[in-house]
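**Q** Just dropping this structure here.
The values are calculated or read from the model by the stated rules, or taken from the named source; none is laboratory data. Computed from a predicted structure; not experimentally measured. Cβ coordinates were reconstructed from backbone atoms using ideal geometry, including for glycine residues, and neighbour counts include every protein chain displayed. Keep in mind that these areas ignore ligands, DNA and RNA; they rest on the heavy atoms of the full protein, side chains included. Shrake-Rupley method; radii C 1.70, N 1.55, O 1.52, S 1.80 Å.
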Amino acid sequence: MRTQTNLRMIALVLVPFVLIIIAFELMPLAVMVMDSFRGDEGKGWTFAQYVTALTSKYYLTGLKNSVLISLYSSLVGILVAIFAAYSLTRFPTSLREKILLFSNMTSNFAGVPLAFAYVVLLGNNGLFTLLFQKMGWDILAEFDLYSWIGLALVYVYFQIPLAILLLYPTYFAIQEQWKEAAALLGASSFQFWRHIGIPVIMPGLVGTFSILFANSMGAYATAYALVGSNFNLLSIRIGALVAGDVMTRPELAGALAVILAITMIAAMWVNERMMRRVRRDLR
Amino acid sequence: MKNRLLWHKALTAIVLLYLFIPLLATFLYSISTDWYRTVLPEGYTGKWYGELVSDPRFIDALGRTLFVCIVTILISLVVMVITVFAVTVYLPRLERLLQGIAMLPYAVPPVVTAVGLITIYSQGPFALSGSVWLVIGAYFVAILPYMYQGIRNSMRTVDAISLLDAAELLGASKLKGFWLVVFPNILPGVLVATLLSFSILFGEFVLANLLIGGHYEMIQVYLVRRMEENGHLASSIVVCYFIFISIISAVVLRLGRSAKEGRT
C-alpha cells in the first residue's frame with residue numbers, strides 16, 4: 001500500500017518534465033521528420049522533398065558549401081591547436097591555467113559578436129584593410145570578408161579555442177618517462193612523435209575533429225550576422241525556409257534538417273570507427 | 001632545451017594575440033569617435049556607452065532577455081532537480097533513458113530544432129508562435145544537457161542515495177531528507193550548471209531570431225539590427241556582453257573548483 005502511493009507520487013513528480021520534453025523536444029523532432037516525407041503544404045506522403053533537396057543545384061551547393069567550410073575550418077583549427085595545446089603543457093601550472101582561462105573566455109566570443117568584431121577588423125573600412133592599404137601591401141586587396149574565405153576565417157576563430165580546450169587534456173596521456181626512454185634507446189624527437197606521441201593522442205585528435213566539424217555544420221549565427229541569408233549554407237537555407245521573408249516551406253526545411261543531422265551523425269560515426277581502429281593498432 | 005621553451009612561448013603568444021585582437025578592436029571601436037578613414041581611431045569618447053544606457057530599445061531588449069533566461073532557468077532548476085533526484089533514487093532503471101533524452105539536444109543544432117517548433121506552434125490547436133513561452137520551452141530544451149549533467153554529477157559526487165538513507169535512518173521523512181540534506185549538498189554543483197546555462201542562453205541568437213525575431217526583440221537580435229545602423233553602439237554592446245560573460249565564467253570556474261575540492 002505504501003509503496004503504491006509512493007510510486008504514484010513519483011510518477012506525479014515526473015509529469016512536468018515529461019510534458020515539457022514531449023512538447024518542446026520529442027514532438028517537434030518527430031513532426032519535423034514526418035513532415036519531411038510530405039508534399040508541400042503537408043499533402044500526401046512522398047519523397048519529393050528529399051528529391052528536391054538532393055537534386056536541386058541550389059540546395060546541393062548549400063550542402064557542399066557547409067561541408068567544405070566545416071572541413072577547412074576544422075582542419076585549420078585543429079592544426080593550430082595541436083601545436084598550441086602542446087606548447088601549453090610545457091608551461092608551469094599557474095601560467096597554463098591563466099592562458100587556458102583566457103582561451104576559454106574567447107570561446108564565448110562567437111556568433112553575432114564575433115562576426116561584428118571581424119567587420120571592425122577586416123570589413124570594407126576595417127583596421128587591417130586600411131592599414132594594408134596605407135602600407136601599399138595588396139595582399140588584402142583581393143580579400144573580401146563577405147566572401148567564402150572571409151567566412152572561413154571567422155569560423156577558424158571560434159574553432160581554435162574549442163580545439164585547444166578539447167585537445168589539451170589528451171597530451172597528459174603522454175608521460176615524460178616515455179620520451180626519456182625513447183631518447184635512451186636512440187629515438188629522435190621526430191621518431192618519438194611518429195611512433196609513440198601521435199598514436200597516443202590520435203583518438204583525441206579524431207574525436208576533437210569530429211566535434212569541430214559538427215560544431216561548424218550546425219553554425220548559423222555567424223554567417224547570418226555577416227551577410228544575412230545571402231550565404232548559401234545548409235543551416236542558412238533551413239532558417240530561410242521556416243522563417244524567411246518570402247514563402248515558407250517547412251516540409252523542405254524538414255528534409256534539409258534531416259540531411260544536416262545525418263551528415264553530423266555520419267561524422268560522429270566515422271570518428272567512432274577511426275577510434276576503434278586506432279585502439280586496435282595500439283593493442 | 002631553453003630554445004624549445006622559447007619556441008613554445010612564441011607560438012602561444014601568437015595564438016593568444018590572434019584571439020585577443022578582435023576583442024581589442026571591438027573595444028577600440030566602442031570608444032572611438034570616427035574610425036573608417038584612418039588606421040587608428042580619430043578620437044576617443046565614452047558617449048556610445050552613455051547613448052546605450054539611455055536607449056530604451058536596448059533596455060527593453062536586455063530586460064526581455066533577462067526575463068526569458070531567468071524564467072527558463074528557474075523552471076529548469078525546479079523540474080530538473082526533482083526529475084533527476086526521483087530517477088536516481090527511485091527509478092534507476094530509467095536512468096539511461098533520461099540520459100538519452102537529456103543529451104539529445106547536444107546532437108541537434110538549434111536551427112534544426114526550430115523547424116519542428118515552428119511547424120507545430122505556428123497554427124492549429126497550439127498556436128504559440130510569437131509567444132515568449134515558445135522561446136522559453138525551446139530554451140528549456142537547449143540547456144537540458146548542461147543542467148542534467150551538472151545536477152546528476154553533483155548527486156553522484158555527494159552520493160545522494162546514501163545521504164537520504166542516513167537522513168531517513170535518523171527519522172527524517174523523504175521530503176525533509178531531500179530538502180534539508182541532499183539539496184544543500186548539491187547546491188554548488190547545481191549553481192555551476194545554472195550559471196553556465198545562463199551564459200549560453202544570454203548569447204543565444206538562432207532560436208531567438210527564428211522563433212520570435214522582431215515580435216519580441218531580445219538582446220542578440222537587437223545587436224544584429226543595430227550593427228547595420230550604428231557600429232559604435234553595437235560594439236559597446238559587445239564589450240559589455242563579453243565582460244558580463246567573462247565574469248560569469250570566472251565565477252563558474254571558481255565555484256566548480258571549490259565544489260570539487262570541498263569534498264575530498
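**Q** Identify all aspartates and glutamates with a Cα-Cα distance to B:Lys176 below 15 Å; exclude those on the same chain that are fewer than 8 residues away in sequence.
**A** Within the straight-line limit of under 15 Å, B:Lys176 reaches these aspartates and glutamates: B:Asp165, B:Glu168.
**Q** Order A:Met135, B:Met218, most accessible first, counting only protein heavy atoms with a 1.4 angstrom probe.
**A** Values: A:Met135 105, B:Met218 5 Å².
Of A:Met135, B:Met218, the descending order of accessible area is A:Met135, B:Met218.
**Q** Going through the stretch A:1-51, which chymotrypsin sites (Phe, Trp or Tyr not before Pro) have at most 16 other Cβ atoms within 10 Å and a DSSP loop state?
**A** A:Phe47
**Q** So what is the relative contact order for chain A, in percent, with contacts set as C-alpha pairs under 8 Å and at least six apart?
**A** 28 percent
**Q** Which far-off residues, 5 or more places away or on another chain, put their amide H under 5 Å from the one on A:Arg38, with H placed in the peptide plane?
**A** It is A:Thr46, by chain and number.
**Q** Now for a separate question. Calculate one ³J(HN,Hα) per residue across the stretch B:218-227 by plugging θ = phi - 60° into the Karplus curve 6.51 cos²θ - 1.76 cosθ + 1.60, and present them in order as whole Hz with x for glycine and proline.
**A** Values per residue, Gly and Pro as x: 8, 4, 5, 5, 4, 4, 4, 5, 6, 3 Hz.
**Q** Sorted by accessible area (1.4 Å probe), largest first, how do A:Lys179, A:Lys98, A:Lys57 line up? Intermediate results must be reported in sequence, preceding the final value.
**A** Working: A:Lys179 45, A:Lys98 140, A:Lys57 165 Å².
Ranked from most to least accessible, the order is A:Lys57, A:Lys98, A:Lys179.
**Q** Rounded to the nearest 500, what is the 222 nm mean residue ellipticity of chain B from helices alone, with -39500 (n - 2.57) per DSSP H run of 4+ residues and division by all residues? Let's see the in-between values first.
**A** Working: 12 runs with 197 residues, N = 264.
The per-residue figure over chain B is -25000 deg cm²/dmol.
**Q** Amide H of B:Ser32: which non-local residues (sequence gap of 5 or more, or other chain) have their own amide H closer than 5 Å, using H built in the peptide plane?
**A** Close amide H contacts, sequence-distant or interchain: B:Thr45.
**Q** Okay, moving on. Each residue of the stretch A:148-155 in turn: what ³J(HN,Hα) in whole Hz from Karplus with 6.51, -1.76, 1.60 and θ = phi - 60°, glycine and Pro shown as x?
**A** Listing the rounded values in order: 5, 4, x, 5, 4, 4, 5, 4 Hz.
**Q** Related question: Only loop residues by DSSP count here, and only those with at most 16 other Cβ atoms within 10 Å; note down the chymotrypsin sites (Phe, Trp or Tyr not before Pro) in the stretch A:127-222 that meet that.
**A** Numbers: sites: A:Phe128, A:Phe132, A:Trp137, A:Phe143, A:Tyr146, A:Trp148, A:Tyr155, A:Tyr157, A:Phe158, A:Tyr171, A:Phe172, A:Trp178, A:Phe190, A:Phe192, A:Trp193, A:Phe209, A:Phe213, A:Tyr220; in loops: A:Trp137, A:Phe143, A:Tyr146, A:Tyr220.
The qualifying sites are A:Trp137, A:Phe143, A:Tyr146.
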